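Below: one structure, written as structure tokens.
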Amino acid sequence: MKQLISSFTAVTVVLLFSLSFATNTQPIQHKNQTSSYTNTIKKGLAKLIAFTKFKNSASTNLNDLEKYFRYRQHIALLKIKKTFNIPDEPWQQCMKGIELVKKYNKNISLKTTHSNVIHDSNLPNNLLEITKRLLHENDINPASVSIKNKVEHKNLHTHTDTTNIIGCAQAPITTINNISKLLQGDIKTTIKQNEPACIFLSKNEFNEMKPEHQYANIAHEVTHLVEDHGTELSGILYLLKLYGYDKDQIIKHPVWLAYSRTIETNANILPALKNPKIARYMKSLWGDQCKIIHPKVKKVWPKTHPSPLTLYVHLCRIVKCH
Ligand SMILES: [Zn+2]
């Protein structure tokens, strides 16, 4: 492992997509399938019990909700390890490497003013101001993050179609020059930052939005940086590539898509858990999304994105908890 490039992606909320509310209602077959039928019932019961536990805790405690959503992401991540058959040791080393790069980004990259940061004057001033304020509220130095109107990053990990992006967040791009020293915890001399973090907002898409929806979308992008989802995604992709999988194969795989969905969900849910105003704005945004999306609309909701209806239901619960 000589070099690890950490860069980000995360397309967000894409407007005007249709959604097929697929349900998992397989017809029950009665012919000599007692054991698989029993298993189906068992799995269904387990899901029901898990959901009931979550539902009960959700009505009383925002911390439990946060644990629940982080746990979902963790489980989705472990499914990647299992599915791609990655042995324990390299997996754990990769996780440790990701944590150390995240630590570097949090404590150094996202705290330090960079001379080549751009706050694009083509973007309306209110969008720049909201973004800077939200970064500041999350202990990120706004002068360490570029805020640009257009997506320029060509190497998006999770999405191939970038035409409908309304926003995206890119982690600082870093190079690791000595992985074994890094794993010993030496982050200062082993990591070199090449490019600062960046938040892209599409001016055209944002011009069409209500102010509270602009706010919710920006909170989503800022959360990608706060959580450093980009470093996590690129670290795991790097490891899988070492094991011979190619990028296209990985990003189209159902377990990768499921993992991406938990990340996109969390970029909406985590800021809503911290801030009741964001919770209300998110709920309003996703409520509108549910209305906009109609099965007859021909476009397809991105596979990496959670169902707007599911998000809306979660957000209703969070607003109630606040
Ligand atoms: Zn996103």
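Simple rule: put +1 on each Lys or Arg Cβ and -1 on each Asp or Glu Cβ in region 190-303, find the dipole, and look at 265, 285, 240; the Cα lying farthest toward the positive end is 285.
Legend: residue pairs 82/188; 148/247; 148/277; 210/247; 96/283; 103/274, Cα-Cα distance threshold 29 Å; pairs beyond threshold, 82/188; 210/247; 96/283. Between residue 111 and residue 192, the simple label model (points 7 Å from Cα in the Cβ direction) yields a spacing of 2.3 nm.
Taking the Cα centre of region 169-219 as origin and assigning +1 to Lys and Arg Cβ atoms and -1 to Asp and Glu Cβ atoms, the resulting dipole is close to 260 debye. Amide H contacts under 5 Å for residue 174: 6, 194, restricted to partners 5 or more places along the chain or on a different chain, H placed in the peptide plane at 1.01 Å from N. When each of 144, 260 is scored by the number of other beta-carbon atoms lying within 10 Å, the sequence from fewest to most is 144, 260. Relative protection proxy for 262-270, 310-318, from highest mean packing down: 262-270, 310-318 (other beta-carbon atoms within 10 angstrom).
What the phi angles of region 306-322 give under the Karplus curve with 6.51, -1.76 and 1.60, with θ = phi - 60°, is a coupling list of x, 4, x, 5, 4, 4, 4, 4, 4, 5, 4, 4, 5, 4, 4, 5, 5 Hz, glycine and proline written as x. Peptides 131-138, 113-120 ranked from most to least packed give 131-138, 113-120, packing being the mean of other C-beta atoms within 10 angstrom over each peptide's residues.
Rounded to whole Hz and in sequence order, give me ³J(HN,Hα) for region 230-235 from the Karplus expression 6.51 cos²θ - 1.76 cosθ + 1.60, θ = phi - 60°, writing x for Gly and Pro. Rounded to whole hertz, the list is x, 5, 4, 4, 6, x. Each residue of region 80-93 was assigned a 3J(HN,Hα) from its phi angle through the Karplus curve 6.51 cos²θ - 1.76 cosθ + 1.60 (θ = phi - 60°); the sequence is 5, 4, 5, 5, 8, 6, 8, x, 4, 5, x, 4, 5, 5 Hz, with glycine and proline shown as x.
Read-outs: derived from the displayed coordinates by stated rules, not from any lab. Just so we're clear, the structure is a prediction, and the values are computed from it rather than from any experiment. So basically every Cβ, Gly included, is an ideal-geometry build from the backbone, and we count neighbours across all protein chains shown.
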